Amino acid sequence: MSRVAVVTGGTRGIGAAISKQLKAKGAKVAAIYAGNDEAAKAFNAETAIQVYKCDVTNAELCASTLKTIEAELGPVDILINNAGITRDAMFHKMTLQQWQEVLNTNLNSLFNMTQPVWGGMRDRGFGRIVCISSINGQKGQMGQANYAASKAGEIGFVKSLAQEGAAKGITVNAICPGYINTDMMKAVPEKVLNERIIPAIPVGRLGEPEDIARCVAFLTRDSAGFITGATLSANGGQYMV
C-alpha cells in the first residue's frame with residue numbers, strides 16, 4: 001500500500017530532496033509551496049510530483065489544501081513540516097514584523113498543518129510526522145533570536161505530541177540539520193564559508209539536501225515505529241548532544 005506524504009516547502013532545497021526521496025520509496029507525495037510558481041512548475045515537470053500552493057501561516061487555507069490533497073491522493077499518512085524562513089537581525093534591531101513572520105511560518109505552521117491530519121492518523125492507527133528543526137534551535141545563534149526560538153519550539157512540539165500519538169501508532173520526530181548546501185547558503189560570502197563555517201564542521205563539508213532526505217526516509221518507514229520523540233542531529237559533528 002502506498003503511503004500518502006505531504007511535504008511543506010517541498011519544491012525547493014531540503015524539501016525538494018525530501019519529496020523526491022519519499023517518492024522513490026513508493027509514497028504518493030504532495031509538495032506544498034508558498035509562492036514561487038515558476039520553481040514549483042519546474043519541480044512538477046521534473047518529478048511528476050503533485051504541487052499545491054498554500055500559505056502555511058493561514059490555518060483555514062492549510063485545512064482546505066489538506067482536504068484537497070486527501071480527496072486527490074488519499075488520507076495523509078506522512079507529514080513533513082519543513083517550511084521555514086529567516087529574518088535575521090541582532091535583537092536590539094529586530095522588528096516585531098521580523099519576529100512574527102518567522103514564528104508564524106516556522107512554528108505556528110506546525111499547528112496549522114498537523115492538527116487537520118491528526119484525527120485521521122489516530123483513527124487509522126498510523127502516522128509519521130517529522131519536523132525539520134535546526135542546529136540553531138539546539139544551541140542558539142547570534143542574530144537569530146526569532147529563528148532559534150521557532151526551531152527550539154519545534155523540538156518541544158515534537159516531544160509533547162510524540163507522547164500523545166504513541167499509543168495510536170503515530171510517531172513524531174525532529175531532525176536538526178546543520179549547514180546544508182542550499183540556495184540560502186549561496187548567499188553567504190565565500191570567505192566566511194571557507195574560513196569560518198566549514199572549518200567548524202568536523203566532517204569538513206556542508207551537508208547536502210539528500211543527507212536530510214535520507215534521515216526523513218528512515219524515520220517515516222513503517223518499521224520505524226519504536227522511534228518517537230527523538231531529535232536526530234544531522235550536522236556533520238558540528239554540535240553534539
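Filtered by the rule that a residue be without any contact (Cβ under 8 Å) to a residue 60 or more places away in the chain and of a type in the set (V, I, T), region 153-176 gives I170, T171, V172, I175. Taking the listed residues I69, I32, the one that is surrounded by 15 or more Cβ atoms within 10 Å (Cβ to Cβ), touching a residue at least 12 places away in the same chain (Cβ under 8 Å), farther than 22 Å from E101 by Cα and of a type outside the set (K, R) is I69, with no other qualifying. In this structure, V216 qualifies as among the β-branched types (V, I, T), surrounded by 18 or more Cβ atoms within 10 Å (Cβ to Cβ) and either assigned to a loop (DSSP other than H, G, I, E, B) or within 15 Å of the chain's Cα centre (by Cα) (or both). For the criterion of being among the hydroxyl-bearing types (S, T, Y) and either in contact with a helix residue (DSSP H, G or I) (Cβ under 6 Å, 6 or more places away or on another chain) or closer than 22 Å to L110 by Cβ (or both), S2 fails. Looking for something in contact with a Pro (Cβ under 8 Å, 6 or more places away or on another chain), assigned to a helix (DSSP H, G or I), under 24 Å from R221 (Cα atoms) and at pLDDT 95 or above - is there at least one such residue anywhere in region 37-47? Checking region 37-47: not a single residue is in contact with a Pro (Cβ under 8 Å, 6 or more places away or on another chain), assigned to a helix (DSSP H, G or I), under 24 Å from R221 (Cα atoms) and at pLDDT 95 or above.
The criterion of at least 1 residues that are of a type outside the set (A, V, I, L, M) and closer than 19 Å to G10 by Cβ is met by the following helices (runs of 4 or more DSSP H) wholly inside region 104-168: 109-124, 145-165. Residues in region 3-37 that are among the hydroxyl-bearing types (S, T, Y) and either touching an Asp or Glu at 6+ places or on another chain (Cβ under 9 Å) or closer than 14 Å to C215 by Cα (or both): S19 only. Considering region 1-29, and only residues there that are touching a residue at least 24 places away in the same chain (Cβ under 8 Å), assigned to a loop (DSSP other than H, G, I, E, B) and not charged (D, E, K, R), the residue that is surrounded by the fewest Cβ atoms within 10 Å (Cβ to Cβ) turns out to be G26. All told, K53 falls short of being touching a residue at least 24 places away in the same chain (Cβ under 8 Å) and not small (G, A, S).
The values are calculated or read from the model by the stated rules, or taken from the named source; none is laboratory data. Predicted, not measured: the structure shown is a model, and the values here were computed from it. Don't worry about glycine lacking a Cβ; one is built from the backbone with ideal geometry, like all the others, and counts go over all protein chains shown.
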